Amino acid sequence: MTARPKAADEEIRVQIRTDRDIVAARQQGRSMAVTLDFTPTDATLLATAISELARNIVKYARWGEIRLRVINGSPRKGVEVVARDDGPGIADVKKALRDGFSTSGSLGLGLPGVMRLMDEFEIESAEFRGTTVTVRKWKP
Amino acid sequence: MDIPILKQGQVVIATIRGSPTDAELLQLRAALIQQVVRLRSTGVVLDVAALDVMDSFATRTLRDLAQMTRLRGAETVIVGIQPEVAFAMVQMGLTLEQVPTALDLEEGLAYLARRPQPFA
């Protein structure tokens, strides 16, 4: 599917249930970055981070959503991504942010990798209470 | 997603178009291995120039593909990784490890042709 550029102040919500939604979410993010005139590299960094966050939702929580919006710093603009789920949550957040840690036998690079792709990273999670990851990428 | 798989001599060639889902990447991996076995190929060239994002899943799937074909005696070369995709991979800390890469299809085929042929 092709993502259509939205008005700059609009929030885009993408329901995340399947691997198809992962692709949809990252395409929406990329088109938002393009409307803000991000460089192709920054647009790709953003799309890659969204892909990882959306996959974590499918893999660990099965259901959740990704919200994308344009943020106005002064003087810069940026994109904020909120990835939210009501899944099992992360018991040890500090550990999950360390390279090489994974509970699913995967690479374990998910969250530390996302952190490095983006300018700002916040996570709120507790066991059995879901996970919310908020990341921002600013236009240089 | 329909990913055409071509054959050129002993080499299998596939080109990814657009944005494959995780399931489609796994299907591609299975189809390529099947072709390698069926055609007794000695090499695979996978063109990823159109791939928008190479995240941890895509990287792992391609690495596994290379490992699996190598066990069948066929080397897999990944070609066409876009500069911004390469940049994102490095930032993420993702690596294709010992999987060879080349600039484009032509370079990938040249790489495979340069390899010593064990039974030639």
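Would you check if there is a residue in segment B:94-112 being within 14 Å of chain A (Cβ to nearest Cβ), free of Cβ contacts under 8 Å to residues at least 40 places away in the same chain and crowded, with 18+ Cβ neighbours inside 10 Å?
Keep residues of segment B:94-112 that are within 14 Å of chain A (Cβ to nearest Cβ), which gives B:94-97.
Checking the rest, the ones that are also free of Cβ contacts under 8 Å to residues at least 40 places away in the same chain come to B:95-97.
Checking which are crowded, with 18+ Cβ neighbours inside 10 Å leaves us with none.
No, the conditions are met nowhere in segment B:94-112.
Every residue, every condition in (1) of a type in the set (S, T, N, Q); (2) more than 21 Å from residue A:16 (Cα to Cα); (3) in contact (Cβ under 8 Å) with a residue 12 or more places away in the chain; (4) not in a helix (DSSP H, G or I), yes or no:
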residue: A:38; (1), (2), (3), (4): no, yes, yes, yes
residue: A:52; (1), (2), (3), (4): no, no, yes, no
residue: A:70; (1), (2), (3), (4): no, no, yes, yes
residue: A:81; (1), (2), (3), (4): no, no, yes, yes
residue: A:90; (1), (2), (3), (4): no, no, yes, yes
residue: A:98; (1), (2), (3), (4): no, yes, yes, yes
residue: A:111; (1), (2), (3), (4): no, no, yes, no
residue: A:124; (1), (2), (3), (4): no, no, no, yes
residue: A:136; (1), (2), (3), (4): no, no, yes, yes
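Results for (1) more than 9 Å from every other protein chain (Cβ to nearest Cβ); (2) farther than 21 Å from residue B:92 by Cα; (3) hydroxyl-bearing (Ser, Thr, Tyr), shown as yes or no for each residue.
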| site | (1), (2), (3) |
| --- | --- |
| A:48 | no, no, yes |
| A:54 | yes, no, no |
| A:72 | yes, yes, no |
| A:89 | yes, yes, no |
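Suppose we keep only residues that are in contact with a strand residue (DSSP E or B) (Cβ under 7 Å, 6 or more places away or on another chain) and more than 10 Å from every other protein chain (Cβ to nearest Cβ) within segment A:30-46. Which one would you say is surrounded by the fewest Cβ atoms within 10 Å (Cβ to Cβ)?
Only one residue tops the list, namely A:36.
Of all the residues that make up segment A:66-103, how many are charged (D, E, K, R), closer than 19 Å to residue A:55 by Cα and modelled with pLDDT of 90 or more?
Selection size over segment A:66-103: 5.
Taking the residues in segment B:43-85 that are charged (D, E, K, R) and not in a helix (DSSP H, G or I) as candidates, determine which candidate is surrounded by the fewest Cβ atoms within 10 Å (Cβ to Cβ). Full working, then the answer.
Residues of segment B:43-85 that are charged (D, E, K, R), as a first pass: B:47, B:52, B:55, B:60, B:63-64, B:70, B:72, B:75, B:84.
If we keep only those that are not in a helix (DSSP H, G or I) as well, we get B:47, B:52, B:55, B:72, B:75.
Numbers: B:47: 20, B:52: 20, B:55: 28, B:72: 13, B:75: 18.
Per the criteria, the residue is B:72.
Would it be correct to say that residue A:25 is touching a helix residue (DSSP H, G or I) at 6+ places or on another chain (Cβ under 9 Å), modelled with pLDDT of 95 or more, assigned to a helix (DSSP H, G or I) and under 20 Å from residue B:61 (Cα atoms)? Steps first, answer last, please.
Working: touching a helix residue (DSSP H, G or I) at 6+ places or on another chain (Cβ under 9 Å): yes; modelled with pLDDT of 95 or more: yes; assigned to a helix (DSSP H, G or I): yes; under 20 Å from residue B:61 (Cα atoms): no.
No: the conditions fail for residue A:25.
Identify, please: which residue in segment B:59-92 is small (Gly, Ala, Ser) and at pLDDT 95 or above and is, among those, nearest to residue B:112 (Cα to Cα)?
Keep residues of segment B:59-92 that are small (Gly, Ala, Ser), which gives B:66, B:73-74, B:80, B:86, B:88.
Checking the rest, the ones that are also at pLDDT 95 or above come to B:66, B:74, B:80, B:86, B:88.
Numbers: B:66: 13, B:74: 10, B:80: 15, B:86: 22, B:88: 27 Å.
Applying the filter and picking the extreme gives B:74.
The values are calculated or read from the model by the stated rules, or taken from the named source; none is laboratory data. What you see is a predicted model; the values in this text were computed from it and never measured. Every residue, glycine as well, gets a Cβ built from its backbone with ideal geometry; the counts of neighbours run over all protein chains shown.
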